[in-house]
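The values are calculated or read from the model by the stated rules, or taken from the named source; none is laboratory data. Being a predicted model, the structure only gives us computed values, none of them experimental. FYI the Cβ positions are ideal-geometry reconstructions off the backbone, even for glycines, and counts take in every protein chain you see.
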Amino acid sequence: MQPPVDEPQDGVIKFGADHAAGPLPEARFGALAASLIAWRAIFAHVGAIGQEAARYGGVGFGNVSGRVGPFPGAPGARPFLITGTQTGGRDCLALADFCVVDRWHIGKNHVHSRGAILPSSESMTHGALYDLGPHIRFVFHGHCPVLWRSARGLRLPTTDPRVPYGTPGMATEVARLYRETPLAERRVLAMGGHEDGIIAFGHTAEEAGNAFTAALAEAYAQAYTAAGRLCR
């Protein structure tokens, strides 16, 4: 069992995890992993997933996940495949860099997972999004300064800045935004208390990825309008 960690460091697992270590079968998860790896490469290309010495203390950032059947599944038990903890800096991923989160309990701050690697520190937030409805089948989390700084101007739904990432509080915030803001239509949110943190989701990988890239384009347009030139 992986105990919760309380340090406010990016990329650190903050929940308890009952994890069954072992390889995931390629026949069951290979196609989904390939789709996630493809979109992760796009996020890495724009700097939203990665690991850099000058950012966040050199800790890896960003993760992607996708639902696995059976569908629709009950809240708290909608299994998903997700990149493992601290894989942000890896140039090439394989199925061994993913794990499956089978169940989670937001109130108890606990997940049940399996695979060759422990789940991402954002797994609880991914689970909270999947809890919103079985129509949500992909969740992408990246770190994008230009989009995060533009969240207010773009009127992106934004979590309370007092709520840290990877906690039950963040999961609760995501649910609140879905109820109280146009998040269901935008499919993109900013994490107010998680520097540069952006989450996009959708029924398909393309829907989630396109929601992110469309918001990023809006942010660049806003930056250009304000400065008369485009700077990252």
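Return the total of residues in the range 121-138 being in a loop (DSSP other than H, G, I, E, B), touching a residue at least 60 places away in the same chain (Cβ under 8 Å) and not basic (Lys, Arg). Spell out how you get there, then give the answer.
Here is the first cut: in the range 121-138, the ones in a loop (DSSP other than H, G, I, E, B) are 121-122, 132-137.
Adding the requirement that they be touching a residue at least 60 places away in the same chain (Cβ under 8 Å) leaves 121, 134-137.
Within this subset, residues satisfying the condition of being not basic (Lys, Arg) are 121, 134-136.
Adding up the residues that qualify gives 4.
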*Residue count, the range 178-208 (criterion: within 26 Å of ALA44 (Cβ to Cβ), over 12 Å from the mean Cα position of the chain (by Cα) and in a helix (DSSP H, G or I))*: 5
*Could you grab me the full set of residues in the range 1-49 that are part of a loop (DSSP other than H, G, I, E, B) and either at pLDDT 90 or above or among the β-branched types (Val, Ile, Thr) (or both)?*
VAL5, VAL12, ILE13, GLY22, PRO23, LEU24, PRO25, VAL46, GLY47, ALA48, ILE49
*asked:* Can you tell me which condition GLY228 does not meet? The list is (1) without any contact (Cβ under 8 Å) to a residue 40 or more places away in the chain; (2) in contact with a Pro (Cβ under 9 Å, 6 or more places away or on another chain), and all the others hold.
replied: (2)
*For the range 95-108, how many residues meet the condition of being touching a residue at least 40 places away in the same chain (Cβ under 8 Å), touching a strand residue (DSSP E or B) at 6+ places or on another chain (Cβ under 9 Å), within 24 Å of MET191 (Cβ to Cβ) and surrounded by fewer than 18 Cβ atoms within 10 Å (Cβ to Cβ)?*
1
*With respect to GLY89, is the statement that it is assigned to a loop (DSSP other than H, G, I, E, B) and either of a type in the set (Val, Ile, Thr) or touching a residue at least 24 places away in the same chain (Cβ under 8 Å) (or both) true?*
yes
*Considering only residues that are aliphatic (A, V, I, L, M) and outside any strand (DSSP E or B), look in the range 139-153 and name the one that is nearest to LEU216 (Cα to Cα).*
LEU147
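Would you be able to say whether some residue in the range 98-105 is basic (Lys, Arg) and farther than 22 Å from GLY22 by Cα? If you could, list the steps in order and put the result at the bottom.
We begin by selecting, within the range 98-105, every residue basic (Lys, Arg); these are 103.
Now restrict to residues that are farther than 22 Å from GLY22 by Cα: none.
Taking every residue of the range 98-105 in turn, none turns out to be basic (Lys, Arg) and farther than 22 Å from GLY22 by Cα.
Quick one: which residue in ILE117, ILE82 is closer than 27 Å to ASP196 by Cβ, in contact with a helix residue (DSSP H, G or I) (Cβ under 7 Å, 6 or more places away or on another chain), part of a strand (DSSP E or B) and β-branched (Val, Ile, Thr)? Talk me through it step by step, then tell me what you get.
Numbers: ILE117 fails: part of a strand (DSSP E or B).
The match here is ILE82.
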*Quickly run through the range 50-91 and pick out the residues that are at positive phi, crowded, with 17+ Cβ neighbours inside 10 Å and at pLDDT below 85.*
TYR56, GLN86
_Criterion violated by PHE212 - all others in (1) closer than 26 Å to VAL59 by Cα; (2) without any contact (Cβ under 8 Å) to a residue 24 or more places away in the chain satisfied_ = (2)
